[in-house]
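Take a look at the structure below.
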Amino acid sequence: MTEPKVSILIPFKNTEAYLQECLDSIYTQTYRNWEVLAINDHSTDESERVVSGFVKKDARFKLFQNEGNGIIEALRTAYANSTGLLISRMDSDDIMTYDKLEIMVGSLKKYGKGHVAVGIVQYFSDRGISNGYERYQTWLNGLTAKGTNYTEIYKECVIPSPAWMSYREDLDACGAFAPNRYPEDYDLTFRFYEKGLKCIPSDRLVHYWRDYDSRTSRTSAHYAQNYFLDIKLHYFLKLEYDPCRPLAIWGAGNKGKEIAKGLLARAIYFYWLCDNPKKIGKDIYGKEMLHYGVLGTLEKPQSIITVANTAAQQMIQNYFAERNQRSGSDFFFFC
């Protein structure tokens, strides 16, 4: 029986220095039934020339010009021209392991529709990886190995953009690349979650994730912290929030303030809590800061936690555990 075709969507812009290595890693895959939809997002370097070389070498590589501007519209162009039963993304500056497609196709064939294949990722950089990225990698891979990615979806993006694969039918059911919401990978992850696509556990390394100063996620305004918080709040209110239960924000740092402003703009009432004696009783945006003990007086509250400190987060976890409140229904960590 013919193996299903995988359509690999690759927007690229000014990644000439990395494209050869990226496309070579696809060309040498052990799994052979694939096509690459490479979309030139108005590059001003020699990126298009690099891709053109692969197009001449192998008809499975296909080159298109972005019909709009930016990654989302490039993905729409790629998807509109794709023909595969299975869909995946690839970043033009990254590298696949030699058996990435074989592993992910195998997962989807085993588990079937209604699932999304994921895999272990590894950061690499000419200058070494920062402690922050190393922690993120460890956290993310720990979730992926167990297939429990969604349990911490409000913290950070739990499915990396270049390390998922799904059936076309499932991607369409999730709205594919129709929304204009950035960061687009985080938004799609929430839509996978919303539509109930299950993450297939995997402990196999499938992707090398390159870090460097000029990569899009570091330089584009679309990946600033406020965009992540907007997505978190949007989906929390859509999927988790119960207007019949009191709502509380725990934390008055920058993230807490952004969430507070978002709720105030939507005219949603909330209690604003902290454990900092210097802030308790103060007025911020017309809301009085209250001691977190107020939670004990509320009936079945829902809480958004914006406290980043690890020790403080553990204290908060213990606080809720003592009150038999559960993560994902009663409280949600937004950092």
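Every number here is computed from the coordinates shown, using simple stated rules; none is lab data. As the structure is a prediction and not an experimental result, all values here were calculated from the model. As a convention, Cβ positions derive from the backbone with ideal geometry for all residues, glycine included, and neighbour counts pool all protein chains shown.
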Next on the checklist: How large is the direction-averaged shadow of the alpha-carbon convex hull of the range 221-271, in nm²?
Outcome noted: 3.7 nm²
Next on the checklist: Can you compute the modelled spin-label distance between residue 67 and residue 288, with each label point 7 Å from Cα toward Cβ, in nm?
Outcome noted: 5.7 nm
Next on the checklist: What do you get for the angle between helix 47-57 and the principal long axis of the chain? Use alpha-carbon atoms, 0 to 90 degrees, nearest ten.
Outcome noted: 50 degrees
Next on the checklist: On C-alpha positions alone, give me the angle between the axis of helix 100-111 and the longest principal axis of the chain, in degrees, nearest 10.
Outcome noted: 60 degrees
Checklist entry - Taking the radius of gyration and the Kirkwood hydrodynamic radius from Cα positions alone, what is the Rg/Rh ratio for the range 71-206, to two decimal places? => result 0.94
Checklist entry - By how many degrees, 0 to 90 and rounded to 10, does the Cα axis of helix 71-80 deviate from the longest principal axis of the chain? => result 50 degrees
Next on the checklist: Helix-only mean residue ellipticity at 222 nm, the chain, DSSP H runs n ≥ 4 weighted -39,500 (n - 2.57), per residue, nearest 500. What is it?
Outcome noted: -10500 deg cm²/dmol
Checklist entry - Given 195/232; 155/257; 5/62; 232/278, which pairs have Cα atoms separated by over 20 Å? => result 232/278
